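Data block below; observations after.
Bear in mind these aren't lab numbers, they're just calculated from the coordinates by the rules spelled out. This one's a predicted model, so the numbers in the text were calculated from it and none came from an experiment. All Cβ positions, even for glycine, are placed from backbone atoms using ideal geometry, and neighbour counts span all protein chains on display.
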């Protein structure tokens, strides 16, 4: 009976310590709207390191929850966006960022845009060439037709139109 009482007391004590720890983590911190916007921006730039499939803003893993709390604490302590991003890049490497900084990031965003613009240019050149070829063929056909052929063709058109009227 005494062992059960001690075990129950230990569980109650551990439970209260856990509640105090959770309350300390989720204690409301007064943040300005600018700081909240910065927190949301950073949470959208950093990937959850457990699987690298979502940002910490969207991911529900324990690591993402801890990182969101850490970002909030860092912003509340006055750290800038670049300092926080540098901290996570140092800790986890370049893959922690949704879009890498520097040349690699510019290439990742610039290449699809350049490929899209190049494909539109090639399509326009192809259409232009096709229209010119059609115009050249049509003018060649008209210039090679003799006056007799034209007269017979016009007579045929008038006859067909007469049937329609």
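So here's what we get for this one:
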| item | result |
| --- | --- |
| Added length on full extension, which subtracts the Cα-Cα distance from 0.36 nm per residue, residue 51 to residue 73 | 5.6 nm |
| Potential extension, residue 60-residue 121 segment - 0.36 nm per residue separation minus Cα distance | 17.6 nm |
| Residue exposure sequence - 34, 41, 79 - by fewest surrounding Cβ within 10 Å | 34, 41, 79 |
